[in-house]
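Computed from the coordinates by the stated procedures, all read-outs in this text should not be read as laboratory data. Note that this is a predicted model, so its numbers are computed, not measured. Don't worry about glycine lacking a Cβ; one is built from the backbone with ideal geometry, like all the others, and counts go over all protein chains shown.
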Amino acid sequence: MPSFQSYTLPEATKKMERYCAYQERCHQEVLGKLQQMRMIPEAIDHIMAHLIQNDFLNEQRFADNFVSGKFRIKKWGRNRIQRELQQRDISQFAINSALKAIQEEEYLGVFSELAGKRWQQLKDDDLQKKKRKLMGYLLYRGWESSLIYPKIEELSGKV
């Protein structure tokens, strides 16, 4: 029989405080960690409440940091960011609020730079294939098709 560590309520609370202080976490991650630690539902509720009341766990702050990081570092578009946050059960209000932090000018600049860079990297002689590959790449990263189509036409016109 596999042995597993059991935690007292204060031990588990301290462990989760450190877990949340190390990096922003969403409620889903913390809940999963507590279940993995085999905490009973009453203890989970108590610890979650403690983390929220003491500002270790904050959905809006998580959403803000997530949006900022995924946009600036991974260069994801709004669609992908929104989808990922929804999968983490973040409220639509928090998602919308966090997405508003992205300046439109910066958003379009990052999109344009990313599309141009990827277009240069694609080494395909068939123009239609090259367009399809770029479209797939940008859609996967969550950029809006209303931005993608005109950009592809603009880039392919430069051939």
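In table form, for the structure just shown:
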read-out: Helical contribution to [θ] at 222 nm, DSSP H n ≥ 4, -39,500 (n - 2.57), averaged over the chain, rounded to 500; value: -22500 deg cm²/dmol
read-out: Largest-first principal axis extents, alpha carbons of region 1-76, Å; value: 45, 31, 18
read-out: Whole-Hz couplings from phi, Karplus 6.51/-1.76/1.60, listed for region 125-138; x for Gly and Pro; value: 6, 7, 4, 5, 5, 4, 4, 4, 4, 5, 4, x, 4, 6
read-out: Stretchable slack from residue 89 to residue 146, in nm (0.36 nm times residue separation minus alpha-carbon distance); value: 17.8 nm
read-out: Mean projected area (nm²) of the alpha-carbon convex hull when region 104-156 is viewed from all directions; value: 3.3
read-out: Förster radius 25 Å - calculated FRET efficiency between residue 156 and residue 68, Cβ distance, rounded to 0.05; value: 0.20
read-out: DSSP-assigned coil residues among chymotrypsin sites (Phe, Trp or Tyr not before Pro) in region 1-77, each with at most 12 further Cβ atoms within 10 Å; value: 4
read-out: Aspartates and glutamates with Cα under 19 Å of residue 130, excluding same-chain neighbours fewer than 8 positions away; value: 113, 144, 153, 154
read-out: Coil-residue trypsin sites (Lys or Arg not before Pro) of region 72-159, DSSP, other Cβ within 10 Å capped at 12; value: 74, 100, 123, 158
read-out: Residue 31 versus residue 139: modelled label distance in nm, points set 7 Å from Cα along the beta carbon direction; value: 3.2
read-out: Modelled FRET efficiency - R0 35 Å, residue 100 with residue 9, Cβ distances, 0.05 increments; value: 0.35
read-out: The chain pair-distance distribution - Cα-Cα, 10 Å bins, rounded %; value: 9, 31, 23, 17, 12, 7, 1
read-out: Shape category assigned to region 9-53 from the gyration tensor of Cα positions, a/c cut at 1.5; value: rounded
read-out: Label-to-label distance, nm, for residues given as residue 60 and residue 21 (7 Å Cα→Cβ offset); value: 2.4
read-out: Spin-label model distance (nm) - residue 75 vs residue 42, 7 Å beyond Cα toward Cβ; value: 5.4
read-out: Dipole magnitude of the chain about its Cα centre (Cβ charges: Lys, Arg +1; Asp, Glu -1), debye to nearest 20; value: 760
